[in-house]
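Inspection log for the structure reproduced underneath, given as structure tokens.
Bear in mind that the values in this text are calculations on the coordinates, not laboratory data. Just so you know, these numbers come straight off a predicted model, no measurement behind them. Virtual Cβ from ideal backbone geometry, glycine too; neighbours counted across all protein chains shown.
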Amino acid sequence: MYHIVIGDDDPLFLEEAERLVSACMDGERLECGKDYTIDCYSSASSMMKALGEDKERCQLCLLDVEFGKDNGLQLAAALREQTEEFSLIYITSHRDYVFQSFDTRPLHYLLKPVDRGKLESLIRDDYRHRYLGEKLYLKAGGKHMAVAYQDIYAVEAAQHRVFLHLRERTVEWGGSLSALAPELPVRYFCRCHNSYFVNFSHMTEMVRYEARLENGEIIPVSKRLYKSAIEQFIAFLKN
């Protein structure tokens with residue numbers, strides 16, 4: 001799911017930005033709560049607390065540079081330390097911070113009043129090219145399915161079917177694991193068992209013959225693949 005976060009201490013602008021973003025996503029024929037979410041924060045502390053508890057709750061962040069008494073640049077830097085997997089757009093009345101913002105790798109720096117067309121274009125491009133570009137597309141029996149790689153915790157083969165383990169649910173697909181394997185990016189996924197691939201992005205640790213995931217799942221690691229899985233996990237952590 002595409003999670004959008006808006007941070008600004010101006011309640012009127014928060015409402016305006018939420019309406020604009022919602023209209024943009026609706027224009028992509030997406031359903032709020034199913035395909036995307038919008039979370040608005042009027043304080044840096046509440047925003048940091050929420051995202052600190054769930055780092056995957058942000059794929060796109062719209063942020064004011066002067067966020068009440070807090071510095072939006074420092075907040076963005078703290079979020080970047082947690083994860084790089086989100087796009088950042090500053091929306092502010094202060095043009096003086098544009099060069100300082102480069103350290104947080106923003107997608108763009110927009111000045112208020114916001115150019116609606118420009119912001120909508122940035123959001124659409126980020127959704128289409130960055131977010132959708134990182135999806136697994138499946139087809140079976142005339143049924144099409146798309147799942148973001150970052151939403152997949154593990155992939156399991158059982159009973160001649162494939163099961164995608166997501167954070168809180170499992171998605172079933174009628175294809176084979178051998179057909180799916182080439183579609184899994186090696187920078188994230190590792191074959192740890194004849195019947196399993198695991199996503200390193202969601203793995204908290206690997207102990208002998210077990211991969212432990214953030215959602216509490218434990219994925220088996222075979223004796224044959226244990227050494228190579230450990231080596232790949234260490235390489236992933238270094239990168």
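Taking the longest Cα principal axis of the chain as reference, the axis of helix 116-125 is set at about 10 degrees. The base-10 log of I(q)/I(0) for the stretch 1-69, evaluated at q = 0.11, 0.14 Å⁻¹, reads -0.25, -0.41 [Debye formula, identical scatterers on Cα atoms, solvent excluded]. To the nearest ten degrees, helix 44-53 and the longest principal axis of the Cα atoms of the chain are 0 degrees apart.
In summary, the convex hull built on the alpha carbon positions of the stretch 69-188 has an orientation-averaged projected area of 10.4 nm². With a Cα cut-off of under 29 Å and a minimum spacing of 8 residues unless on different chains, the lysine pairs in the chain number 23. Two numbers describe the Cα atoms of the stretch 170-239: Rg and Dmax, which are 11.8, 35 Å. The dipole here belongs to the stretch 53-168: it is taken about the Cα centre, uses +1 on the Cβ of Lys and Arg and -1 on the Cβ of Asp and Glu, and is about 560 debye. Per residue of the chain, the DSSP helices (runs of n ≥ 4 H) give a summed -39500 (n - 2.57) that works out to -8500 deg cm²/dmol at 222 nm. Basic side chains Lys and Arg get +1 at the Cβ, acidic Asp and Glu get -1 at the Cβ, and with that the dipole of the stretch 152-238 about its Cα centre reaches some 300 debye. Ranking F67, Y97, I123 by Cα position along the charge dipole of the stretch 66-131, where only Lys, Arg, Asp and Glu carry charges on their C-beta atoms, puts I123 farthest toward the positive end. Share of pairwise Cα-Cα distances greater than 19 Å in the stretch 2-133 is 44 percent (whole percent). The charge dipole of the chain, taken about its Cα centre with unit charges on the Cβ of Lys, Arg, Asp and Glu (plus for the first two, minus for the last two), comes to roughly 1240 debye.
Once the Cα atoms are used to define both axes, helix 223-238 deviates from the longest principal axis of the chain by about 20 degrees. The alpha carbons of the chain stretch over 58, 40, 25 Å along the principal axes, in descending order.
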